[in-house]
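Worksheet: the structure to be examined is printed underneath.
All of the numbers you see were taken from the coordinates with simple rules; none came from a lab. Remember, it's a predicted structure, so these values are computed and weren't measured experimentally. Neighbour counts are summed over all protein chains in view; Cβ atoms, including those assigned to glycine, are modelled from backbone coordinates with ideal geometry.
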Amino acid sequence: MGILTDDMKQVVRQQRMGFMATVCPDGSPNLSPKGTATVWDDDHLVFADLGSPVTIQNLEHNPACEINVLDVFLRKGYRFKGTAQVVSNGDLFDEINKAFIEGTHGIRRTGLPAKRYVLMTVTKTAPLVSPGYTPGKTEAEMREEWTGYWAGVQETNS
Ligand SMILES: Cc1cc2nc3c(=O)[nH]c(=O)nc-3n(C[C@H](O)[C@H](O)[C@H](O)COP(=O)(O)O)c2cc1C
């Protein structure tokens, strides 16, 4: 059994969005969204490099990273901490590339060619739960509140 629980895997696969933090050479943080972030196996997350030059550069110097995935309706999610490697050739690249191109391995087809993938080994996980979950507040209530909020935003913006 790996570090990723079934619920973690479901949330990551469903959300199709994770924010990855890496460390710049000067020690400052770098955070950017990865819409292809998904589960590779019970211990690894993966995303396609479609335009993440700073993330890639940082990982080549320092593999430390964190990905946060959040369900914005439920206001819950997970933090995944670990190290990541840039995979740009070899058998592992072929395997990951095939999964993204063909939509196998539980991975959604991106339809976009990637020259590199980032494979993260998760070493630490933590739940993310909004402080808005005051005593007695249920997930159903939270979902209703934020579904309404986002519907209003969409109406305003359309
Ligand atoms: C919604 C959204 C999803 C994105 N998904 C990805 C992705 O899966 N892979 C990727 O390489 N870039 C993705 N990007 C683009 C990068 O986040 C963006 O180019 C960013 O500036 C890269 O910064 P970095 O070089 O610091 O990683 C996405 C951007 C947005 C807005």
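Below are the figures for this structure:
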| quantity | calculated |
| --- | --- |
| Where chymotrypsin sites (Phe, Trp or Tyr not before Pro) in DSSP loops with at most 16 other Cβ within 10 Å are excluded, longest remaining stretch of the chain | 1-72 |
| Unit charges at the beta carbon, dipole of the stretch 6-133: most positive-side option, Trp40, Gly77, Asn30 | Gly77 |
| Candidates Pro135, Pro25, Pro113: whichever shows maximal mean-square fluctuation once the chain is modelled as a Gaussian network with Cα springs under 10 Å | Pro135 |
| Set of lysines with alpha-carbon distance to Lys34 below 27 Å, sequence-local pairs under 8 removed | Lys9, Lys76, Lys81, Lys98, Lys115, Lys124 |
| Chain lengthening between Lys81 and Lys124 when straightened (0.36 nm per residue, less Cα-Cα) | 15.0 nm |
| Sparse-neighbour loop sites [trypsin sites (Lys or Arg not before Pro); the stretch 99-130; at most 16 other C-beta within 10 Å; DSSP] | Arg108, Arg109, Lys115 |
| Cα centroid separation, the stretch 84-145 to the stretch 20-61 (Å) | 11 Å |
